[in-house]
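Structure first, then comments.
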Amino acid sequence: MVNTLVEPSGGRVLFGEDDVTTLPQAQLRRRVGYVFQGIGLFPHFTVSENIAIGPRLAGETLPASRIADLLNLVELDIEMASRMPDELSGGQRQRVGVARALANAPELLIMDEPFGALDPITRDALGEKVRELHTKLGLTTIMVTHDMAEALLLADRVLVMDKGALVTDETPRALLKGEGGEIAQGLVAVPREQAERLAHMEDMPEGGPA
Amino acid sequence: MSEIIEILLGLGDKFAAHIVLAASAIGLGILVALPLAIWASRSPTVSRVALGFASLVQTIPALALLALFFPILLSLRVVFGENLPTLGFLPALLALALYALLPILRNAVTAQANLDPQVLEAADGVGMTSLQKLRLVEAPLAAPFVMAGIRTASVWTIGAATLSTTIGQPSLGDPIFAGLQTQNWALVVAGCIASAGLALVVDALLGMIESGFAKRRKWQWGAGLAAVAFGLGAALFAQGDGEDDDTIIIASKQFSEQYILAQLIGAQLEKAGYSVAYRDGLGSAVVHSAVASSNIDISVDYTGTIWTNELERTDNPGREAMYETIVEWERENTGVRVLGRLGFENAYAFAMRADRSAELGITSLEDMVAVAPQLTLGGDPEFFERPEWIAVREAYGLRVGETRNFSPTFMYNALQSGEADAISAYTSDGRIAADKLVVLEDPREALPSYDAMLMMSPRIAEDEDIAAALQPLIGAISVEVMREANYAVDRKGEGKLSPKDAAEQLADQIGL
């Protein structure tokens, strides 16, 4: 909704001072970095062409040094620049997706379940990386996830939506202390219980029930 | 084999015309189909209507679609003026382009529908305008599929373009139609080899471009494109130095006599220093309109045909009156000049085997009436629907036991094998003499006359030099020599001649 891929059925979304529906669509989208589960790399472009697409649309050419910097930021080898997307692994592709979203030096980064399709190890590593970039580049990042553990570990603020309405707006620490209401606590309970069971399992003798 | 090669080498101008026609039709098809496909991808209604229309067109036989453009263009003359061509290149182009539409449109629409939605979401997400999305994402990703559609369309169009012969557009169909009609299989095979060869080469080149697109190899599709452009350029160049305005175009319908007479007329004009071109194998119905509109310059037509088809008359005023009326009518209504009669008739007449005729004691239609209920009558596929047959039936009160339709060639076989007792033969047909058939007399003159006439288009009607060059043909061809020439072309085996050779022999016989 922020980048108007979906039209709001009610209410307003403000970007800075402006209602997003009043801003020129293409320009607005170039100010917002967008990363989503499907990744959507352009299969007929090389990695570097994919990364450079945003500036290209604005009529600029992204210098090779900047592409190298962006690849560096997402921890991809500089040699990847000339590869085609179908030569990359899922994790590598989403790294390129993040680099593409950052190429325009966006004011806002939207991540819509960005790591949903990735294996847990890649997922964890990429999550950490994005959080690091967020801090390093001073970004505003909105990340949508179903995984409360991911939200608690990465976010400064956690907002919980239920049936289309906002029910919670708390820090991770406050949520862990039991605040934020019933629905939020239900979500927090899942990773907490899993963590406790894992810890318990470590204490049990070999072969015992969980 | 060497005969086929020789024919192939002489097909250069037909080949060039075929390439230019097919390429133009495919080009027009692409120009219409691609924007339509883009529109269709944004509106399901447009998609349904466009694909429905294209599929409907595909169900019309190509031959019928080509023929349909004649009346359509004729009616459009109200809007575009009398100079709008109704035969030849334009109708062939339009019909073939319509035919090319479906595969291109369907592939383009399918390609767009199957684009990865994630990629399209990303295109929106990075802030592409819809034009940028089309140019940078949709078009390049759909290109291999669109190219496959163009490839299918090209192979179809090159094949179907052979049919444009029937509406007066030179193509590789010319040798095929001429060969089928005169049972000259070398011509048919040569025409097929040329058009199939062309289709294969084009398919391979377009396939190269298609896979170049798919693998994103610029040199590959570039080379393919360059080869196609080169072929097209060569064809255009070759066609450019073909006919000029002074060329006299001679038409022939789809039977041997017409091919022979066209060659005879052509030779006569060439002797007088004119350059000539032939439009062979035209549909019988379009020849008169083609002459009247000066799309062709000279044809041989028959009084009975013009009488019923053009004057729309069903009465029979007698041979002389019919001819005089037609000459007058043409001069006043179409501007066509009837130079004169060649001297023979190609009429419908009933023919019987000599032994059968003697056995039943039948020498005229009058004699036939009494025994007719026991007889089987054979006719060509249209005969029993024609006004001539109705006229005969009514004039003599004829009640025949059975009527059967045969293709003209098999009609004579049926007579020989006894499957028909009498057939509707053509009086100038060589097989009447060869099979020693008895032609039944028509004392009540129920069958109209079919005098062969030499027709000149309005464009050359006033040209007395051309008229003078053709004058020696008038009244010079007896039905006997025409039969002999027809038989030489129609027969099998030893002594079979090409229409050109038969025309030369005919010219010798009549002292030209």
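The values are calculated or read from the model by the stated rules, or taken from the named source; none is laboratory data. These numbers were taken from a predicted model, which means no experiment stands behind them. Neighbour counts run over all protein chains shown; Cβ positions are idealised from the backbone, glycine included. Each accessible area value is taken on the protein alone, full model and side chains, heavy atoms only, with ligands, DNA and RNA left out. Shrake-Rupley method; radii C 1.70, N 1.55, O 1.52, S 1.80 Å.
Listed values, structure above:
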{"item": "Qualifying residue in region A:197-205 (condition: more than 30 Å from A:Gly11 (Cβ to Cβ), modelled with pLDDT under 90 and assigned to a loop (DSSP other than H, G, I, E, B))", "result": "yes"}
{"item": "In region B:104-131, residue farthest from the other protein chains (Cβ to nearest Cβ) [restricted to those that are charged (D, E, K, R) and within 30 Å of B:Phe53 (Cα to Cα)]", "result": "B:Arg106"}
{"item": "Selection within region A:81-100 - hydrophobic (A, V, I, L, M, F, W, C) and surrounded by 19 or more Cβ atoms within 10 Å (Cβ to Cβ)", "result": "A:Ala81, A:Val96, A:Val98, A:Ala99"}
{"item": "Residue list for region B:417-461, restricted to those being among the aliphatic types (A, V, I, L, M), part of a loop (DSSP other than H, G, I, E, B) and within 23 Å of B:Val481 (Cα to Cα)", "result": "B:Leu440, B:Leu447"}
{"item": "Scan of region A:113-137 for residues that are basic (Lys, Arg) and either in contact with a Gly (Cβ under 9 Å, 6 or more places away or on another chain) or open to solvent by less than 30 Å² (accessible area, probe 1.4 Å) (or both), ordered by number", "result": "A:Arg123, A:Lys129"}
{"item": "Matching residues, region B:132-166, being in contact with an Asp or Glu (Cβ under 8 Å, 6 or more places away or on another chain), open to solvent by 40 Å² or more (accessible area, probe 1.4 Å) and either facing chain A (nearest Cβ under 10 Å) or under 18 Å from B:Ala111 (Cβ atoms) (or both)", "result": "B:Arg151"}
{"item": "Residues located in region A:8-43, provided they are more than 21 Å from the chain's Cα centre (by Cα) and part of a loop (DSSP other than H, G, I, E, B)", "result": "A:Pro8, A:Ser9, A:Gly10, A:Gly11, A:Arg12, A:Glu17, A:Leu23, A:Pro24, A:Pro43"}
{"item": "Enumeration of residues in region A:44-57 that are at the interface with another protein chain (Cβ under 8 Å from one of its Cβ atoms) and either touching a residue at least 40 places away in the same chain (Cβ under 8 Å) or assigned to a loop (DSSP other than H, G, I, E, B) (or both)", "result": "A:His44, A:Ile53, A:Gly54"}
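Table: residues versus (1) free of Cβ contacts under 8 Å to residues at least 24 places away in the same chain; (2) in the same structural domain as B:Glu462 (by TED's automatic domain parsing); (3) in contact with a helix residue (DSSP H, G or I) (Cβ under 7 Å, 6 or more places away or on another chain).
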| site | (1), (2), (3) |
| --- | --- |
| B:Ser284 | no, yes, no |
| B:Val291 | no, yes, no |
| B:Asp297 | no, yes, no |
| B:Asp315 | yes, yes, no |
| B:Arg319 | no, yes, no |
| B:Met322 | no, yes, yes |
| B:Ile326 | no, yes, yes |
| B:Arg331 | yes, yes, no |
| B:Gly340 | no, yes, no |
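Yes or no, residue by residue, for (1) farther than 21 Å from B:Leu506 by Cα; (2) among the acidic types (Asp, Glu); (3) surrounded by 17 or more Cβ atoms within 10 Å (Cβ to Cβ):
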| position | (1), (2), (3) |
| --- | --- |
| B:Val276 | no, no, yes |
| B:Leu282 | yes, no, yes |
| B:Ile298 | no, no, yes |
| B:Gly304 | yes, no, yes |
| B:Trp307 | yes, no, yes |
| B:Glu310 | yes, yes, yes |
| B:Arg313 | yes, no, yes |
